[in-house]
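The values are calculated or read from the model by the stated rules, or taken from the named source; none is laboratory data. These numbers were taken from a predicted model, which means no experiment stands behind them. Every residue, glycine as well, gets a Cβ built from its backbone with ideal geometry; the counts of neighbours run over all protein chains shown.
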Amino acid sequence: MNKSKKILQKLLSESKKNNKRIKKTIKNKSSLKKCEIFCKKDYMVEMKKVFKKSSEKYNIPYKLPTKQDDDLTYNTCKKTFCNENCDNYEFNDKQRYTDFKKRIKNGFQNTYSNTKITKLKKRGAISGCVDIVDYDVFHK
């Protein structure tokens, strides 16, 4: 149990560092503010619903997310959707990093359709560095 808390703490501190770097590199501060609102009011709300549904599906008791869980979800959202250049992703070798960068076009993974990109931008996202399959952009 103690080991998992340490891992969570390390992940959280890394994600906070990444977000500080993103804040320094982004030029349009108003779009960053919109994206942060998107993360809090849209992404986090939807991901809580996803976690709750999956716990019901697999018959696992649902626990409300802790503050650390919320922070990690928020920071993950910012790294994915508020990161214009898709920086701060680490890879074991240079080839994987090169492949990752090749799949990014205008801040979005090439797996995103034009309609998804338009919908994400309308909601406030700046980028889509990783295609998050659990988050349905067409909800509501």
With (1) in contact (Cβ under 8 Å) with a residue 12 or more places away in the chain; (2) closer than 16 Å to R123 by Cα; (3) surrounded by fewer than 13 Cβ atoms within 10 Å (Cβ to Cβ) as the list, and C35 as the residue in question, which single condition is left unmet? (3)
Note on N114: of the conditions (1) at pLDDT 90 or above; (2) surrounded by 12 or more Cβ atoms within 10 Å (Cβ to Cβ), unmet is (2)
Only unsatisfied item for L72, checking (1) closer than 17 Å to M44 by Cβ; (2) free of Cβ contacts under 8 Å to residues at least 60 places away in the same chain, is (2)
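Might you check whether a residue that is in contact (Cβ under 8 Å) with a residue 60 or more places away in the chain and crowded, with 16+ Cβ neighbours inside 10 Å occurs anywhere in region 89-111?
Looking through region 89-111, none of the residues is in contact (Cβ under 8 Å) with a residue 60 or more places away in the chain and crowded, with 16+ Cβ neighbours inside 10 Å.
What do you reckon, is K53 closer than 21 Å to L12 by Cα, of a type outside the set (S, T, Y) and either over 16 Å from the mean Cα position of the chain (by Cα) or assigned to a helix (DSSP H, G or I) (or both)?
So K53 fails the test.
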For residues that are assigned to a loop (DSSP other than H, G, I, E, B) and of a type in the set (S, T, Y), tally how many sit in region 62-121. 6
Does region 16-26 contain at least one residue that is at pLDDT below 95 and either in contact with a Ser or Thr (Cβ under 8 Å, 6 or more places away or on another chain) or closer than 21 Å to H139 by Cα (or both)? no
